[in-house]
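What follows is one structure encoded as structure tokens, with my remarks underneath.
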Amino acid sequence: MQQKIEEAATEYFPELHGNAPLPPLPKGTRPESRAGDAGGNLRKMADNMRLPAERPAKLSHGQVRTQRLIGSLKFIEKVHPSLSLVLHRLSCVMCCPPPEAWDVARAALLSVWSRRHQGLTYGGSTIANPRLSGSLAARILDEAAPHQLEAMADATWGVDHNVYGLVLTYHGAAVYHTTKKLGLIVDS
């Protein structure tokens, strides 16, 4: 999957392949911070994006380029599930991206660029026993995905963000993953 990230970076961040300094990102975004979060500001920027009240008859070149970048990130999301929440927000405005969608998408690409050698990938071995078995584990996936079927879930809630995430892995790769924003937290 590293190849897909490098292809996207070549097209949208050509300066990453040289010794030039990183391009400026929106204030407060830092690609080296929490995976897929880019410093917290990226998630807030993604949450605040809205479709324009009046949509143009034809999209501008910049809007089409933003759509293409979002499409590239959707493929990368399969091995970097940390992009799920930000990409969901980008997908909600993809039909007519506002100007800030370009900044959010580029910051998301930059966050996976720094982790392009990581992610959920298939191992090189063949499947010896196709029979499936499953178990549920309450731990965070902090190493390579196991070869047996395994599901992991986690949730967090607080003042500014209420989300849960699920990952289903089999034979060293993600079979299914999702991140959802919780609309209502019940205390009892």
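Looking for whichever is closer than 22 Å to residue 180 by Cα, at pLDDT 80 or above, surrounded by 17 or more Cβ atoms within 10 Å (Cβ to Cβ) and out of contact with any Ser or Thr (no Cβ under 8 Å at 6 or more places or on another chain) here; the options are 108, 101. Which one fits? Reasoning before the result, please.
Working: 101 fails: out of contact with any Ser or Thr (no Cβ under 8 Å at 6 or more places or on another chain).
Matching residue, one of 108, 101: 108.
Could you grab the pairs with beta carbons closer than 6 Å, sequence gap of 6+ or different chains, first residue in the stretch 155-168 and within 20 Å of residue 79 (Cβ to Cβ) and open to solvent by 50 Å² or more (accessible area, probe 1.4 Å), second one assigned to a strand (DSSP E or B) and modelled with pLDDT of 80 or more?
Partner pairs satisfying both residue conditions: 166/153; 166/178; 168/151; 168/175; 168/176.
Suppose we filter the stretch 85-97 for residues that are open to solvent by less than 10 Å² (accessible area, probe 1.4 Å) and over 20 Å from residue 9 (Cβ atoms); how many remain?
Looking only at the stretch 85-97, we keep the residues that are open to solvent by less than 10 Å² (accessible area, probe 1.4 Å), and these are 86-87, 90, 93, 96-97.
With the extra rule that they be over 20 Å from residue 9 (Cβ atoms), the set shrinks to 93, 96.
Qualifying residue count, the stretch 85-97: 2.
Here's the yes/no breakdown for (1) at pLDDT below 75; (2) under 23 Å from residue 177 (Cα atoms); (3) open to solvent by less than 30 Å² (accessible area, probe 1.4 Å):
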residue	(1), (2), (3)
16	yes, no, yes
34	yes, yes, no
37	yes, yes, yes
50	no, no, no
71	no, yes, no
79	no, yes, yes
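Can you say whether residue 87 is at pLDDT 90 or above and touching a helix residue (DSSP H, G or I) at 6+ places or on another chain (Cβ under 9 Å), as far as the supplied structure shows?
no
Checking the structure you have, find out if any residue of the stretch 117-137 is modelled with pLDDT of 75 or more and out of contact with any strand residue (DSSP E or B) (no Cβ under 9 Å at 6 or more places or on another chain). Step through it out loud before you land on a result.
Quick first cut of the stretch 117-137, residues modelled with pLDDT of 75 or more only: 117-118.
Imposing the further condition that a residue be out of contact with any strand residue (DSSP E or B) (no Cβ under 9 Å at 6 or more places or on another chain) reduces the set to 117-118.
Yes - at least one qualifying residue is present in the stretch 117-137.
The values are calculated or read from the model by the stated rules, or taken from the named source; none is laboratory data. Just so it is clear, the model here is predicted, and its values are computed rather than measured. Cβ: placed from backbone, ideal geometry, glycine included. Neighbour counts: every protein chain shown. The accessibility values were calculated without ligands, DNA or RNA, using every heavy atom of the protein model including side chains. Shrake-Rupley method; radii C 1.70, N 1.55, O 1.52, S 1.80 Å.
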